[in-house]
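To keep things clear, I will list the structure first and then write my remarks on it.
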Amino acid sequence: MSCVSNKSVVGDKHRFPLRSTERVWTAEPDVSVKCCHAIAISGDMDQLIKFLPTAVMRTFNRHPRLRALVVKDEEFMAEVQPHITLDDVTAKNLLRVREISDSNEDVAAWKNWNQFVQTETHIPFDRFTQFMFYLTVWVNRSENKARFFLFSDHIMSDGDSGQIFVNDTLEDVALLSIEAAKPVNEFPLRPSLYDMWFTGGPWWLKPVAKIVLALIGGSAFVNFMKGFKPVLTPREDQKDFGPKSGIPFEHNSTTLLSQAGNPTNMRDTLRKCKEEGVTVGGALIPMLVLAFYHASKVDHKLNGVDETDGPFRLVADMCYNMRQRVPKPAEERQVGLYATSNLLQWLATDGVNMKTEKFWTWLALRSCRWLRRAINYWRWLCRASFWIASSSNQNSERCLAMLKS
């Protein structure tokens, strides 16, 4: 892929600019949008523990953004650190292994792992000194199972990044166990989604986008936030990002809700989606509508709020992996924040008649219309991100202050 490079080199460290939403999430040094990619695996635990440190080292050395730190001497800039050694894996706490025993404490922790995730995601990254990824592994030898918890900062990570990290690490464990691993070839440091989006497209795309966003981007975003009404009653300690919230950003507590599933249910879901001609991602939309609808009924009852007979409306958006949707995609699956979202406008305006609509009929009809709109809209998917990037170029405080006006 040929892209215009905006990287700089300081010694043996490569610097690159943070763009769009990457800048927003660095607005406060002690606040992180911290992600957890939780994956359960089974197999030979002895082999896993033996080769896991080396595999983690190789993964960090393969993907440059895994080794990025935010720099203090230059605003909105990150710096890729040199390759790490096996000792660095321990010294930098990049791999944390816990062996689960048969004690009551460990058995309870294994069963209620979501409590650990909830606590851990509340601890922000120190982006100036700490790599924005680390892997925690719980090993249960009695069941020949392990749980992978990959924690990452959202400015360098999205959902696909977690899969890339875990897949690469497990593949290296397998190759190391049969002495078939080859020397690590580091992938190129790819530009941000913002820069990749404008590379290779029509020459007029970037200036036109900036003009449109300068005219209507800020007011549209603020008006959207003012019109937002939560479906569920916010927590008493909830600090929202909106016109009435405190600026700078404040740290919110984390609550994780999860329910154990099983492979049979997943296979049945995939089979049913295939029969109905829809994707699992598309099916998630009515699933979430149902979940929020029934939760709101309970919420209204608890708070003594009368229910309306009209359609149920929900403000939501759909997340896209943009790696293959940019004009010139990278050859490899790169780690980083390469996702964006598109507002499901019809869900907020038209709503859903929960008494008459049928799940699969509604999904098939809406998916068709929504997909047509999305295809025509891809060129403008990143509009909010680009507006933030342009505003942040001038002054981050002014950018945030606009949201309060």
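Quick check: anything in region 202-210 at pLDDT below 75, touching a Ser or Thr at 6+ places or on another chain (Cβ under 7 Å), assigned to a helix (DSSP H, G or I) and not assigned by TED's automatic domain parsing to the domain that holds Glu99?
Yes.
Taking helices (runs of 4 or more DSSP H) that fall entirely within region 41-133, which contain at least 1 residues that are among the small types (Gly, Ala, Ser)? Can you show your working first?
Working: elements: 45-62, 86-91, 104-111, 113-120.
Counting at least 1 such residues, we get 45-62, 86-91, 104-111.
If Arg23 meets every condition in (1) more than 28 Å from Leu256 (Cα to Cα); (2) in a helix (DSSP H, G or I) apart from one, which number is that one?
For Arg23, the exception is condition (1).
Output the residues belonging to region 49-60 that are over 23 Å from Gly336 (Cβ atoms) and buried (at least 21 other Cβ atoms within 10 Å of the Cβ).
Matches in region 49-60: Leu52 only.
Determine whether region 75-86 contains at least one residue that is among the β-branched types (Val, Ile, Thr), in contact with a strand residue (DSSP E or B) (Cβ under 7 Å, 6 or more places away or on another chain) and closer than 19 Å to Thr169 by Cβ.
no
Go through region 61-87 and give me each residue that's acidic (Asp, Glu) and surrounded by 18 or more Cβ atoms within 10 Å (Cβ to Cβ).
Result: Glu79, single match.
Looking only at residues that are among the β-branched types (Val, Ile, Thr) and touching a Phe, Trp or Tyr at 6+ places or on another chain (Cβ under 9 Å) in region 100-122, which one is nearest to Met45 (Cα to Cα)?
The residue in question is Ile100.
The values are calculated or read from the model by the stated rules, or taken from the named source; none is laboratory data. Since this is a predicted model, take the numbers as computed values, not measurements. We place every Cβ from the backbone using ideal geometry, glycine too, and count neighbours over all the protein chains shown.
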